[in-house]
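The values are calculated or read from the model by the stated rules, or taken from the named source; none is laboratory data. Treat the numbers as computed from the prediction; the structure is a model and nothing was measured. Methodologically, a virtual Cβ is constructed for each residue, glycine included, from the backbone with ideal geometry; neighbour enumeration extends over all protein chains shown. For accessibility, only protein heavy atoms count, side chains too; no ligands or nucleic acids. Shrake-Rupley method; radii C 1.70, N 1.55, O 1.52, S 1.80 Å.
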Amino acid sequence: DGGITQSPKYLFRKEGQNVTLSCEQNLNHDAMYWYRQDPGQGLRLIYYSQIVNDFQKGDIAEGYSVSREKKESFPLTVTSAQKNPTAFYLCASSLAGASYNEQFFGPGTRLTVL
Amino acid sequence: AQTVTQSQPEMSVQEAETVTLSCTYDTSESDYYLFWYKQPPSRQMILVIRQEAYKQQNATENRFSVNFQKAAKSFSLKISDSQLGDAAMYFCAYRSGTGFQKLVFGTGTRLLVSP
């Protein structure tokens, strides 16, 4: 079945540690995205990538880093510089291009800083 | 910058009844798309319905329909014949019709459905 997988589902981190969230898609989509969701807020864009080996900062990129070495994969690293990393993280993908292309979302990862 | 506002943090409806969720947005663009996403307790985001700004006709998907008022920048979602499975968070979202496909989300409305 085609889709987006995120792992792990739950992740716990000690303060000062970096942690990497996985996102994989087999939809043959060029574009991939990372969103953060906090209680009482909508989703906010962290980073996005429209093509392999290229990515851009979204609205809240500080304290995060990404890589896009393969079309299928777009891992997100939450660094120790992120002051309030506890949140729900959603990965999405879509076809690229200017016309409308639906974004498909993964099941998400809940990150908790202990 | 575009903004999306959902002024109803929570709404309640009884099974088989109709409920309308409100959304307003602010943009200076003429070409854009609007969406309603559903996020059930599983937290998987599911696209419910979309509307292209250039289309005057309101979009409909089975029991879900929108009231798109372009001049008023309003985009409400009507759920008819509500079912227990409709209980979820509903997010309104905006996307520019040109350039990068960034989605701008509202803060969401929690819909409660009672038997």
Residue-wise HN-Hα coupling along segment A:13-24, computed from phi with Karplus coefficients 6.51, -1.76, 1.60 (Hz; x: Gly, Pro):
9, 7, 4, x, 9, 8, 9, 10, 9, 9, 9, 10
Quick one: if you stick a label point 7 Å off each Cα along the C-beta vector at B:Glu15 and B:Asp31, how many nm between them?
4.7 nm
If you average the alpha carbon positions of segment B:29-69 and of segment A:1-76, how far apart do those two centres end up, in angstrom?
24 Å
What are the ³J(HN,Hα) values, in whole Hz, obtained from phi via the Karplus relation 6.51 cos²θ - 1.76 cosθ + 1.60 with θ = phi - 60°, for each residue of segment B:91-100 in sequence order, with x given for Gly and Pro?
10, 8, 9, 10, 9, 4, x, 10, x, 5
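At 1.4 Å probe radius, can you tell me the per residue accessible area of segment A:62-103 in Å²?
Working: 1710 Å² over 42 residues.
Value for segment A:62-103: 41 Å² per residue.
Once you wrap a convex hull around the alpha carbon atoms of chain A, what is its projected area averaged over all directions, in nm²?
So the mean shadow area of the Cα hull is 7.0 nm².
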Quick one: what do you get for the protein assembly as shown if you divide its Cα Rg by 2.2 N^0.38 Å?
1.02
Give me a comma-separated list of calculated 3J(HN,Hα) values for segment B:27-43, in order, Karplus coefficients 6.51, -1.76, 1.60 applied at θ = phi - 60°, integers in Hz, x for any Gly or Pro.
7, 9, 7, 9, 10, 7, 10, 10, 9, 10, 10, 10, 10, x, x, 5, 6
Among the residues of segment B:82-100, which ones have their accessible area go down by 50 Å² or more when all the protein chains sit together, as opposed to their chain alone (1.4 Å probe)?
B:Phe100
Using +1 at the Cβ of each Lys and Arg and -1 at the Cβ of each Asp and Glu in the protein assembly as shown, identify which of B:Ala16, B:Ser96, B:Phe64 lies farthest towards the dipole's positive end.
B:Ser96
Could you tally the net charge around A:Asn84, taking each other residue with its Cβ under 14 Å from the Cβ of A:Asn84, Lys/Arg +1 and Asp/Glu -1?
+1
Taking a crude spin-label model, label points 7 Å out from Cα along the C-beta direction, the A:Leu27 to A:Thr5 distance in nm is 1.6 nm
Just how large is the dipole of segment B:1-113 about the Cα centre, in debye to the nearest 20, putting +1 at every Lys and Arg Cβ and -1 at every Asp and Glu Cβ?
240 debye
Given Cβ point charges of +1 (Lys, Arg) and -1 (Asp, Glu) and nothing else, what value in debye, to the nearest 20, does the dipole of segment B:63-113 about its Cα centre take?
240 debye
Work out, in µm²/s and without decimals, the Stokes-Einstein translational diffusion coefficient of chain B at 37 °C, 0.692 mPa s, Rh from Kirkwood over C-alpha pairs.
231 µm²/s
How about A:Lys9: which lysines have a C-alpha closer than 20 Å to its C-alpha, ignoring those fewer than 8 places off in the same chain?
B:Lys38
Where in segment A:39-59 does accessible area fall by at least 50 Å² between the isolated chain and the complete protein assembly, at a 1.4 Å probe radius?
A:Leu43
Order by accessible surface, 1.4 Å probe, largest leading, for residues A:Ile60, A:Ile51, B:Ile46 comes to A:Ile51, B:Ile46, A:Ile60
Hey, can you grab everything whose amide H is under 5 Å from the amide H of B:Gln8? Only 5+ residues off in sequence or another chain; H modelled, so Pro and N-termini drop out.
B:Ser22
Under 14 Å from B:Lys73, Cα to Cα: aspartates and glutamates that are on another chain or at least 8 residues apart
B:Asp26, B:Glu29, B:Asp31, B:Glu52
Amide H of A:Phe12: which non-local residues (sequence gap of 5 or more, or other chain) have their own amide H closer than 5 Å, using H built in the peptide plane?
A:Thr112
In nm, to one decimal, how far is the modelled label at B:Thr60 from the one at A:Ala81, with both set 7 Å along Cα→Cβ?
5.2 nm
Out of the total accessible area of chain A (probe 1.4 Å, heavy atoms of protein only), what percent is carbon and sulfur?
48 percent
As I understand it, the dipole of chain A uses +1 on the Cβ of Lys and Arg and -1 on the Cβ of Asp and Glu, about the Cα centre. Which of A:Gly108, A:Pro85, A:Leu95 lies farthest toward its positive end?
A:Pro85
If you take the accessible area of B alone plus A alone and subtract the pair, what total do you get in square angstrom, rounded to 100, with a 1.4 Å probe?
1900 Å²
